[in-house]
Amino acid sequence: MSNKEDLETVFRLYLDHTKRDDGEIIVLILNYLSHLFQDDDESSESSERVQLEDFTHYEVDDFLNFYLEDNFENYEELQTKSKIVLKSFLKFLKEKKYFNKEEAEEWTEILK
């Protein structure tokens, strides 16, 4: 498999595989990424979907340490929940061979 998959699709596969109820955090992540990658002159309907390869350890770090704090009063609670979800998601990505060893190590470092 590859990390050139549509991220929303990979998240759906993750939810189906794990049977976890992580939808709230996943929606936050997708909103963050769509805001991050959407061009100002593009409408949300015409913009391209975010790919898994776009969700690097840099975006994970920014999401956890800046986006949540800047946008939510209960960011500490959301940060804790998000780390749990992202650790589980990373395990899924490694198990399904979406990530190589280097990518997984980078994410693991951020999620400590």
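Please treat every number below as a calculation from the coordinates, not as lab data. Computed from a predicted model, the values in this text were never measured in an experiment. Neighbour counts run over all protein chains shown; Cβ positions are idealised from the backbone, glycine included.
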*Can you tell me how much longer the chain between VAL27 and LYS112 gets when fully stretched, taken as 0.36 nm per residue apart minus their C-alpha distance, in nm with one decimal?*
28.4 nm
*Proximal lysines relative to LYS97, as straight alpha-carbon distance under 17 Å, when same-chain residues fewer than 8 apart are discounted*: LYS4, LYS87
*Alpha carbon centre of segment 13-36 versus segment 48-102: separation in Å?*
9 Å
*Descending principal axes extents, the chain, alpha-carbon based, whole Å*: 37, 32, 27
*Would you calculate a helix-derived [θ] at 222 nm for the chain, using -39,500 (n - 2.57) for each DSSP H run of n ≥ 4 and dividing by the full residue count, to the nearest 500?*
-18500 deg cm²/dmol
*Three-way shape label, segment 43-98, alpha-carbon gyration tensor, a/c 1.5*: oblate
*About its Cα centre, how strong a charge dipole does the chain have in debye, to the nearest 20, once Lys and Arg get +1 and Asp and Glu get -1 at the Cβ?*
960 debye
